[in-house]
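Data block below; observations after.
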Amino acid sequence: MKNAPKNRVQQSVAAGAVLIMLGVSGCSFTAEQFTTTPYAPSDGIVKDLGPVLLRNILVVGRDDDTAGRLIGTVFNTSDEPVDLSIRAGGAPTSITIQGQGQFKFEDEIGDDGTLEGLQDIPGSLIEVDFGVAGEVATFEVPVLDGTLEEYRQFVPGGYTPRPSEPAATEEAAEGH
């Protein structure tokens, strides 16, 4: 009989510990697991518009220029050719994507996807209108510059790196 109160205390402590553990870890039972949420692991946008799939679409530009260049790939999932209209800033442009084909802006020499009249600087988002067969959607597309090496060749007018440190003068170099 002497053990009965001791067992009740041990059982109460064990039950309390279990309740505390459930309270502390309970949020993981009901919280959304963000690692299971699909997302686009790229710098550009990933969107669908009718039969057209826009993949890693972004604009590469400069701080001192009003032109940007679209890069990314557009896929046509239909069997028929599709005209895709694109408008950002100034004048619109359009491309034709063959049935079950793709169009890579980076590979095009004749139509390089240059957009004139952009007022947004690298690091911002710009609204770009995409149209297919009368359906128009506006997406916010990131504007990047040549900071990342893989985009330098696409910067309209060429990429000029910013100096990362002030130039040292002769006096500073001599220790004066």
- What percent does the relative contact order of region 79-144 come to when contacts are Cα pairs within less than 8 Å and at least six residues apart? 33
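Can you give me the % of accessible surface on region 67-154 that is carbon or sulfur? Probe 1.4 Å, all protein chains present, nothing else counted.
Working: 2120 of 4640 Å².
About 46 percent, which is the carbon plus sulfur part of the accessible surface.
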- Applying the Karplus parametrisation 6.51 cos²θ - 1.76 cosθ + 1.60 with θ = phi - 60° to the phi angles of region 77-86, what ³J(HN,Hα) value in whole Hz is obtained for each residue in order, glycine and proline being reported as x? 8, 8, 7, 9, x, 10, 8, 10, 9, 9
- Message: Can you give me the distance in nm between label points at Leu53 and Gln33, each placed 7 Å from the Cα along the Cα-to-Cβ direction?
- Response: 2.5
- Item | Ala14 paired with Glu108, simple spin-label distance in nm, labels 7 Å along Cα-to-beta-carbon | 7.1
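The values are calculated or read from the model by the stated rules, or taken from the named source; none is laboratory data. For clarity, every value in this text was computed on a predicted model and none was experimentally measured. Note that we place each Cβ from the backbone using ideal geometry, even for glycine, and neighbour counts take in every protein chain shown. Just so you know, the surface numbers come from the protein's heavy atoms only, side chains and all, with ligands and any DNA or RNA stripped out. Shrake-Rupley method; radii C 1.70, N 1.55, O 1.52, S 1.80 Å.
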